[in-house]
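Any read-out appearing in this document is the output of simple, stated calculations on the displayed coordinates, not a laboratory observation. In this text, all values refer to a predicted model and were calculated from it rather than measured experimentally. In this analysis, Cβ positions are derived from the backbone assuming ideal geometry, glycine residues included, and neighbour counts consider all displayed protein chains.
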Amino acid sequence: MNGPRSGPVSNRGRATVESDTPSAAVCEVTTIVSGGSRGLGLAVAQRLLQRGDRVATFSRSGSAPLVALAAKHPGRVHHEQLDAADSDAVRRFVGNTVERFGRVDHCVANAAVAAEGILATMADADIDAMLTVNLRGAIVLVRECVRQFLAQPRSLPDAGAGSIVMVSSVVAARGSPGLAVYAATKAGLEGFARCLAREVGPRGIRVNAVAPGFLATDLSATLSPSDRERIVRRTPLGRLGDTADIVGVIDFLTGPGAAFVTGQTLTIDGGGAT
């Protein structure tokens, strides 16, 4: 399961971690990663920067690790603080990314919120937050990226027009008590990815999803020791996942090695779903 458990907050405008160093010719590839200030999103941003991408990311708040990452890669990181539920803000963010870096090549839709609880007692506000951020927010971001993919020339004559990775969760397929609405939003993303892959494939755009299992992150730290042990026991590889396990797959899906991979959901849970 991925994403913070808090609800969305208001748009606060562009953050100050953006470097003033000119970005011209630093590299040709630009990747958008939503929710890149911490956790999986931050780890993805770090890996993509290491491989030479320029990274544009947004999140509801900044973080010291993101500031440090931007300082380490001057001119190659663009960050804005905004609410993923604000469609206008997301649209402006993609436009600002193109204005700064000239193009968008990949999109990793990672931002999410989760409210755990049985459906009978769940508040409307929690349901609305998960549907708006996890599903509609991701769809709006992808729509804006697809529009840019279609409008811009390809980075290389034989390169694809762009790629998209939706970050889902293993609970979309397996289910989990107290996560019905969260699971519904993630299952929606997987269906969206499959359909969109067929829609934009003829234009050279690939769309895939990843479905992480429980990760050894702050999110799983809320599990009781007995629940954590139970999950580890039923996982053939005998451990919880790590962000590096997911990052490697996203790196692959947004790279040339996955040029013939689209419409797929890759489950990354140590075999727990088998």
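Points to keep in mind about this one:
- From ARG154, ARG198, ARG136, residue being within 20 Å of the chain's Cα centre (by Cα) and charged (D, E, K, R): ARG136
- Of note, ALA84 does not satisfy the criterion of being within 26 Å of GLU199 (Cα to Cα), without any contact (Cβ under 8 Å) to a residue 24 or more places away in the chain and surrounded by 18 or more Cβ atoms within 10 Å (Cβ to Cβ).
- When residues of the range 234-246 are limited to those that are buried (at least 18 other Cβ atoms within 10 Å of the Cβ) and in contact (Cβ under 8 Å) with a residue 40 or more places away in the chain, the one nearest to ALA209 (Cα to Cα): ILE246
- Filtering the range 119-155 to residues that are without any contact (Cβ under 8 Å) to a residue 24 or more places away in the chain and not in a helix (DSSP H, G or I) leaves ALA123, PRO153.
- Flag not set for ILE205, criterion: touching a helix residue (DSSP H, G or I) at 6+ places or on another chain (Cβ under 7 Å) and either farther than 30 Å from PRO256 by Cβ or hydroxyl-bearing (Ser, Thr, Tyr) (or both).
- Residue that is free of Cβ contacts under 8 Å to residues at least 24 places away in the same chain and not aromatic (Phe, Trp, Tyr), where the choices are PRO177, PRO202: PRO202
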